[in-house]
Amino acid sequence: MRSQLDRTEKLLIVGLPILIALGFILPEWIVNYIQVSLGTGLVALGVMIQMRAGLVSFGQGLYFCIGGYAAGMAGKFLGISDIFLLLACGLIASVTIAFAAGFLLRRYREIFFAMLSLALSMILFGLLSKLEMLGSTDGFNLPSATYLGWAPEGDTAKHALYVATCIPTIICAFLLNRYLRSPMGYIGEALRENEIRLEYLGTSAHRAVHIKYVIAAGVSGIGGVLWALALGHVDPEMTNWTTSGQFVFISILSGTGNIVAPLFGTFILEIVRVYAVELSPNTWQMILGTLMLLTIIFLPRGLWSLIQEKKHAKKSGGEK
Amino acid sequence: MFLLLVGMLFAMFISSTEKSRKKLFIIFSMKTTYSEEELIMQNNTQVLSKRTSIWLAILAVSSVAATFSTQAVADDKEVKLGIVTFLSGGAAGPFGIPARNAAELMVESINAGTVPAPYSAKGLAGAMVTPIYVDEASKQKVADYKKLVQKDSVDAIVGYISSGSCKAIAPVAEEEKKLTVLFDCGTPQIFEDIVTEPKYVFRTAAHATMDNVAAAKYVLDTHPDAKSIAGINQNYAWGQDSWRDFSASMAVLKTDVTTTTEQFPKIYAGQYGSEISALLTKKSDIVHSSFWGGDMEALVIQGGGRSLFKRSQVVLTAGETAIEGLGAQMPDGTIIGARGPNGPLAPDNALNDWFQKAYSDRYGSSPTYPSYHMAQAILGVKAAMDKAGSTDQEAVIAALKGSTFESPSGTVSMALSDGHQAIQETAYGTYKFDKETGKSTLVNIKRYAANCVNPPEGTKSIDWIKSGFKGADCK
């Protein structure tokens, strides 16, 4: 059964060409918002898969930032601008650091996990703000991306980067969906429900958390590279707690029901913000806040539950 | 926008069941009444969430409608200015809001034609100005910028306070080919490292090097026997750059000056007890600080209480924004800068008299340097558009490049970086609180000519300082 494609995966496969086609049809400013949303959406995905296991990471910005800075530093100091190498740099850097930090974090749950992950991300924020070599709080700019020696310019470059953002994002979402449906993924849900029983069944909860943490960090790192390339600039704000909080906000707003939810959620939030700023430049935060309150009150399982709740009703028992 | 909605709908359709498909259909057809059968299908909570979904759908539809309605046909006698400053966050109070206020005032006065000569003609080259305000406190600054250019089709963008924003925006502005006037950010890197051959990016305020070179000169003019300096600056780009420029300038101007201590507390720390102790024990002749906003007020109040200002001569390079609010709490004798000849350091001219009065009548407080910088940027655009006689971008750029224009803080010349970076004279003063009138004043004001405190064309700021100010003309 598991080798078959489930509905989400079909959606992702169909969605990719549509997403790429949209990049050529829609006005560029919207495409730009889609592009940055895919980058941050990946990080929200990282938060979401941890939420599935009952772990709220309040410091996911750490790996978002590590990804962005790894790509930026590879460009600045080593002169690398090939997108595949930059993605590899971001992925390796974030996975390595997550692997090390995981030994500490896997021992904590709930608020302690949240606070410790937050603390780690703020340590990096403090460090980067002090480093004059890396532009301190002003950050520094990234080179334009090249693709295996091909260096497009002008509109071609914009489209190429957009396509190069869509493909890794969809691949990551696809793989994460596979992961969540695998035994390893289901251990996450068991972890949230009853950790002691899980241990009695013969699995290490620590190991499961560690793996989940590293996977989440890897996706966030890739998200960081893609976002930084779209922006052309990185600064320590990427690992500030407000950024991390936004990822949690997106995950709550969109719901943890489906892997596609955070990607959509990010974009919807971005568009709502744009119009909120246009509507009232001085108090746009109030509109966003009201929206979040309403979502929490009326849709406690996120925007995605608009689509999903019927499915549960039908399959009485909620088994997938 | 519409296509996008269709795409989203399509995606939702695929991954939804029969029932939710029906529901989605209801949502998007905006049906407000339900058939008996539909109602039976729902239990209470679902009806509630259906209402919610309708509510959300209305929101979505209205936002789509907003897209189309804002794309109204542009009047050919209208010119759109995108104005980006901090409207929220820590920098909004001391910088962002005074700048936005100045922008509002300038736009209204320009449209009404009430600005004194040489700006008394209505509008920009006859076209009425429509401002679009955007909050700089956003994580997607570049996407917001592109939205201004492409969706709102602005004719020019005036904005950006944070140097980080300017660094990110400058290359994008060149890519988008849109006239962008940076009005306040200080880092000299913009044209020295990031956009070395600018065409569309301008900066109408002098960069931060001028502030600290002039501070060093003022210190030595008023305290020629100073032997030691110390610094307390926020540990981020602005603080580090300010201290680097100031200490390098002092080292060049007076070779026997020693640096006793460099304090770098973190930004928004609010408590400077240990740093003040360190400064007190070192007993330096001069203490330099580029603090701003709430941090500076905290430093003044905490340092004032512990006689830091009595023991050392304190220089506050961005002190001007707080003097009106602090009043008697700011110790007399403190050296105050305003990032240019702004506020109480502004020269005596008709434009400045008008600006001071119009601003304080309207907002109940005197304009501070971010207000001056904003007014300067908008007047620069006006001067260029009036001179070009049109709002056509190419003509405006040609007119602005290398131009010289008047502002409330005196004459501004776009002399550096191939005519894209402004220089102007600057001034420093010493604080004096007038107990009788309750007014904050600056006395012993010294002015420094533009060519004396700015590097010549083609020289990087820090190289220029280290070369001993080669080419400076301090007559």
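The values are calculated or read from the model by the stated rules, or taken from the named source; none is laboratory data. Because the structure is a prediction, the values reported are computed rather than measured. Ideal geometry is used to build each Cβ from the backbone, glycine not excepted, and the neighbour counts take in all protein chains shown. Remember, those area values only see protein heavy atoms, side chains included, never the ligands or the DNA or RNA. Shrake-Rupley method; radii C 1.70, N 1.55, O 1.52, S 1.80 Å.
Points worth noting:
- For B:GLY340, the stated conditions do not hold, so it cannot be described as touching a residue at least 24 places away in the same chain (Cβ under 8 Å) and open to solvent by 40 Å² or more (accessible area, probe 1.4 Å).
- Within the stretch A:218-240, being within 9 Å of chain B (Cβ to nearest Cβ) and either among the small types (Gly, Ala, Ser) or over 22 Å from A:LYS130 (Cα atoms) (or both) holds for A:ALA230, A:LEU231, A:GLY232.
- Output for the stretch A:110-134, where each listed residue is crowded, with 18+ Cβ neighbours inside 10 Å and within 21 Å of A:GLU189 (Cα to Cα): A:PHE113, A:ALA114, A:SER117
- Matching residues, the stretch A:273-291, being more than 7 Å from chain B (Cβ to nearest Cβ) and open to solvent by less than 50 Å² (accessible area, probe 1.4 Å): A:ARG273, A:ALA276, A:SER280, A:LEU288, A:GLY289, A:LEU291
- Qualifying residue in the stretch A:174-181 (condition: aromatic (Phe, Trp, Tyr) and under 20 Å from the mean Cα position of the chain (by Cα)): yes
- Test for B:SER277: is it out of contact with any helix residue (DSSP H, G or I) (no Cβ under 9 Å at 6 or more places or on another chain) and farther than 20 Å from B:GLY337 by Cβ: yes
- Hits in the stretch B:148-167 (condition: buried (at least 24 other Cβ atoms within 10 Å of the Cβ) and facing another protein chain (nearest Cβ under 7 Å)): B:SER163, B:GLY164, B:LYS167
- From the list B:THR391, B:THR441, the lone residue that is closer than 17 Å to B:THR180 by Cα and in contact with an Asp or Glu (Cβ under 6 Å, 6 or more places away or on another chain) is B:THR391.
- Those residues of the stretch A:25-54 which are assigned to a helix (DSSP H, G or I), open to solvent by 30 Å² or more (accessible area, probe 1.4 Å) and within 11 Å of chain B (Cβ to nearest Cβ), in sequence order: A:ILE25, A:GLU28
- Residue list for the stretch B:315-348, restricted to those being over 25 Å from B:HIS373 (Cα atoms) and within 27 Å of the chain's Cα centre (by Cα): B:GLN329
- Matching residues in the stretch B:151-167 - criterion: being under 19 Å from B:GLY89 (Cα atoms) and assigned to a helix (DSSP H, G or I): B:SER163, B:GLY164, B:SER165, B:CYS166
- Matching residues in the stretch B:263-274 - criterion: being more than 11 Å from B:ASP295 (Cβ to Cβ) and in contact (Cβ under 8 Å) with a residue 24 or more places away in the chain: B:GLN263, B:PHE264, B:GLY273
- Here A:GLY154 fulfils each of the conditions (1) of a type outside the set (Lys, Arg); (2) at pLDDT 90 or above; (3) surrounded by fewer than 17 Cβ atoms within 10 Å (Cβ to Cβ) apart from (2).
- Enumeration of residues in the stretch B:307-332 that are of a type in the set (S, T, N, Q) and open to solvent by 10 Å² or more (accessible area, probe 1.4 Å): B:SER307, B:GLN313, B:THR321, B:GLN329
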